[in-house]
Amino acid sequence: MRSGGTPPKSVPSFWTGDFPWISGKDLKSTRLSDSIDHITKEAAEAYSKIAPAGSVLVLVRGMGLANGFALSLIERPMAFNQDLKALIPNAELSGPFLMHALTFAGQRMLRNVADAAHGTKRLTQDDLDVFKLPLPSLHEQQAIATVLDRLGLAIDVERRATQRTTELKRTALRELFSRGLRGEVQKETEIGPVPQSWEVVSFESVREWLQYGTSIRCSVEPAEHPVLRIPNIEPGRVNPDDLKYCDFDGDEAATYLLEKGDLLFIRTNGVIERLGSCAVYEGVPERTLFASYLIRARLKRDVIEPRFAALFFGSEQGTALVAGRATPAADGKYNINTGTIESLPLPLPNSLEEQREIVAAIDAIDSKAALHRQKQKVLEELFWALLHRMMTGEIRAAELDLTALESTTSRGITA
């Protein structure tokens with residue numbers, strides 16, 4: 001086991017080399033072939049330590065330990081700083097197997113994390129010295145690591161696919177709100193270029209009315225009415241998790257009862273970008289009310305499709321427009337009110353048909369992203385189940401048939 005170090009920043013020439021120098025911020029993936037920062041080979045030998053390829057670098061100090069047990073297998077010799085320890089396998093231990101064994105023990109290791117000076121977190125040398133790991137034959141270690149590596153690759157394929165669809169959606173929204181679907185000539189407006197046949201209107205012109213929510217006290221105990229709060233509002237949709245409830249007089253409850261197609265804006269938040277996110281209530285859960293930190297907009301359904309409006313205000317352009325009109329408060333939060341919302345400009349196609357076609361185009365991208373997220377979730381569950389069973393000897397690598405992963409991993413390699 002080796003401890004690292006940091007060359008002095010006061011000598012700029014030490015930081016002009018191409019030798020990888022690892023710190024906690026690099027430990028974002030299970031394997032590392034390069035680093036964010038680089039130093040000279042001389043600085044690495046004089047002020048840091050060099051770990052050989054196949055070593056496992058473990059974070060032992062820093063606030064990153066509050067978020068999980070961070071480690072990576074390095075694929076080439078690398079230097080590293082004093083917040084890391086290098087675990088160097090001997091001839092009887094496979095580096096990839098060691099990485100997976102440490103991953104398996106991660107939650108147990110985190111129980112030993114203590115507070116260090118300046119409020120940071122740390123694992124001690126003793127915590128690592130007393131770590132015990134299963135030690136099957138080298139052949140079985142390599143077989144176990146191969147199985148888990150294939151699963152890890154499949155997970156990464158789905159993660160990257162989700163990231164690509166997220167970026168595709170961002171690009172599509174930018175293009176659709178400036179070019180539309182009809183290939184029209186563009187015209188310049190107060191919010192930038194839009195298709196010639198579109199108009200830029202105020203939100204006031206497409207709403208029936210706006211309303212603040214109820215301030216009634218709510219509880220996690222199920223009652224007659226679910227009440228939507230800020231955590232339930234996501235871009236374009238209501239998240240029905242983590243609901244609270246209330247019992248309300250029938251006549252008064254009707255005042256705050258949501259109808260399908262209502263838009264819900266967040267009116268105060270510490271994250272200014274959240275103010276642009278508005279959700280469309282689709283009727284689920286039923287008999288739902290909304291809380292006082294939200295504003296409900298009832299729209300003119302013969303003029304605008306609610307989900308089209310939500311897509312725009314959830315886009316980069318729409319979020320920027322809302323943020324530019326938000327008012328900072330003394331408590332560090334940002335606020336909007338009904339007047340702010342009414343003044344918001346909105347690009348509007350001249351037909352509901354085109355609005356719905358734009359919504360459908362984005363729905364197709366969202367469906368693809370949801371599929372990749374679900375695949376990733378299933379693969380992660382399989383990874384952790386197999387990790388447990390193989391590290392405890394319940395199952396051997398040779399007993400597994402993972403041919404179904406071949407199409408996923410080959411797609412990732414060729415993507």
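A few remarks follow.
- If you go through segment 212-234 and keep only what is closer than 28 Å to residue 301 by Cβ and surrounded by fewer than 17 Cβ atoms within 10 Å (Cβ to Cβ), you end up with 212, 224, 230, 231, 234.
- Verdict on residue 348 being in contact with a strand residue (DSSP E or B) (Cβ under 6 Å, 6 or more places away or on another chain), crowded, with 16+ Cβ neighbours inside 10 Å and closer than 21 Å to residue 307 by Cα: yes
- Those strands (runs of 3 or more DSSP E) of segment 154-250 in which 1 or more residues are under 30 Å from residue 375 (Cα atoms) occupy 225-228, 236-238.
- Test for residue 287: is it within 27 Å of residue 352 (Cα to Cα) and not assigned by TED's automatic domain parsing to the domain that holds residue 363: no
- Filter result for residue 88 (at pLDDT 85 or above, surrounded by 18 or more Cβ atoms within 10 Å (Cβ to Cβ) and either among the aliphatic types (A, V, I, L, M) or touching a strand residue (DSSP E or B) at 6+ places or on another chain (Cβ under 6 Å) (or both)): no
- Flag not set for residue 339, criterion: on the phi > 0 side of the Ramachandran plot and surrounded by fewer than 20 Cβ atoms within 10 Å (Cβ to Cβ).
- Pick from segment 1-14, criterion surrounded by 16 or more Cβ atoms within 10 Å (Cβ to Cβ) and not in a loop (DSSP other than H, G, I, E, B), ranking: farthest from the chain's Cα centre (by Cα): 14
- Filtering segment 272-313 to residues that are among the aromatic types (Phe, Trp, Tyr) and in contact with a Pro (Cβ under 7 Å, 6 or more places away or on another chain) leaves only 312.
The values are calculated or read from the model by the stated rules, or taken from the named source; none is laboratory data. Note that the structure is predicted; figures quoted are calculated from it, not measured. Cβ: placed from backbone, ideal geometry, glycine included. Neighbour counts: every protein chain shown.
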